[in-house]
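The values are calculated or read from the model by the stated rules, or taken from the named source; none is laboratory data. It should be emphasised that the depicted structure is a prediction, and the values quoted were computed from it without experimental measurement. So basically every Cβ, Gly included, is an ideal-geometry build from the backbone, and we count neighbours across all protein chains shown.
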Amino acid sequence: MDEQILITISGPIGVGKSDFAELLSEEFGYDYHPEEVSSPEDIEVLNQYYWAVGELIKETNPQKTIELRKTVLNTQKYFIRKRAKSLEEITREGRNAVLERDPDDDIHIFSQDGLNHDRLTELEFNEIVKYAHTKTQNLIKPSLRVFLVAYPFELRKRIAKRGRESEKSLLYPHNPYLNDQFKLHMEFYGLYDKPKLICNNSSFKKPEETMQFLFPWKKQSLESYLLLLDN
């Protein structure tokens, strides 16, 4: 198979995307493009996003609600720009790659969740969809999308264990975010009409276990599988 292969990894926070994506890239010899949220600016934007999501659950003041929605909108655009940059790099280099998240996650998961819970208006949601399309329309599209999911109670255990300050609000008893994420990923999987695989990662503690479940065959078999689906 001569065409460039891009495997994207979709999944909620704490499901094990990073470890699995890194192992997958090593096993297949593909470039690995992680979801990097490590710079001070990244962390600040992520903190703002989770803070706004948490505040919108209880906010009753209309003006403050508008301001919080604007924060959600701007953070979504910020991460779409970051993911589009990764896609630009992959497209330019022309090598096979594994990408942890892409802008479709921002539309079908994060922004859809925002629309469902009035964290975004319909106008703001459509603005995000248009923005993502503009940023990615001429870039490589996934050859295969891997969905990693896990039950919300398992995600809460993993998130609590790693103890990241920006994720603390996700553990609040009144916050339905992780339950919604599970539902949205399953809905996205059902709607996605291109090559895909799914794994419930709740019972797998190591990325090697996920790898064996999803890819018991060799790299050549993956390329043959993708070629068959293209014909």
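Considering Arg162, Arg158, the condition of being exposed (fewer than 14 other Cβ atoms within 10 Å of the Cβ) and in contact (Cβ under 8 Å) with a residue 12 or more places away in the chain is satisfied by Arg162 alone.
For segment 10-35, taking the residues that are of a type in the set (A, V, I, L, M) and over 11 Å from the mean Cα position of the chain (by Cα), the one that is surrounded by the most Cβ atoms within 10 Å (Cβ to Cβ) is identified as Ala21. Considering (1) at negative phi; (2) more than 17 Å from the chain's Cα centre (by Cα), the lone condition that Gly94 does not fulfil carries the number (1). Starting from segment 186-213, take each residue that is over 21 Å from Phe110 (Cβ atoms) and touching a residue at least 60 places away in the same chain (Cβ under 8 Å) and list its partners that are among the hydroxyl-bearing types (Ser, Thr, Tyr) and not in a strand (DSSP E or B), counting only C-beta distances under 6 angstrom and pairs at least six apart or across chains. If the second residue must be among the hydroxyl-bearing types (Ser, Thr, Tyr) and not in a strand (DSSP E or B), the pairs left are Phe204/Thr210. Of all the residues in segment 6-52, those that are farther than 18 Å from Ala97 by Cα and not small (Gly, Ala, Ser) number 16.
Per the conditions (1) surrounded by fewer than 16 Cβ atoms within 10 Å (Cβ to Cβ); (2) assigned to a helix (DSSP H, G or I); (3) modelled with pLDDT under 90, the sole criterion not satisfied by Lys205 is (2). Answer yes or no: is there a residue in segment 124-134 that is surrounded by fewer than 18 Cβ atoms within 10 Å (Cβ to Cβ) and assigned to a loop (DSSP other than H, G, I, E, B). No, segment 124-134 contains no residue that is surrounded by fewer than 18 Cβ atoms within 10 Å (Cβ to Cβ) and assigned to a loop (DSSP other than H, G, I, E, B). Restricted to helices (runs of 4 or more DSSP H) entirely inside segment 6-98, those with at least 1 residues that are within 28 Å of Cys199 (Cβ to Cβ) and among the small types (Gly, Ala, Ser) are 17-28, 62-93. Please work out which residue is surrounded by the most Cβ atoms within 10 Å (Cβ to Cβ), limiting yourself to segment 87-123 and to residues that are hydroxyl-bearing (Ser, Thr, Tyr) and closer than 26 Å to Thr71 by Cα. The extreme case among them is Ser111.
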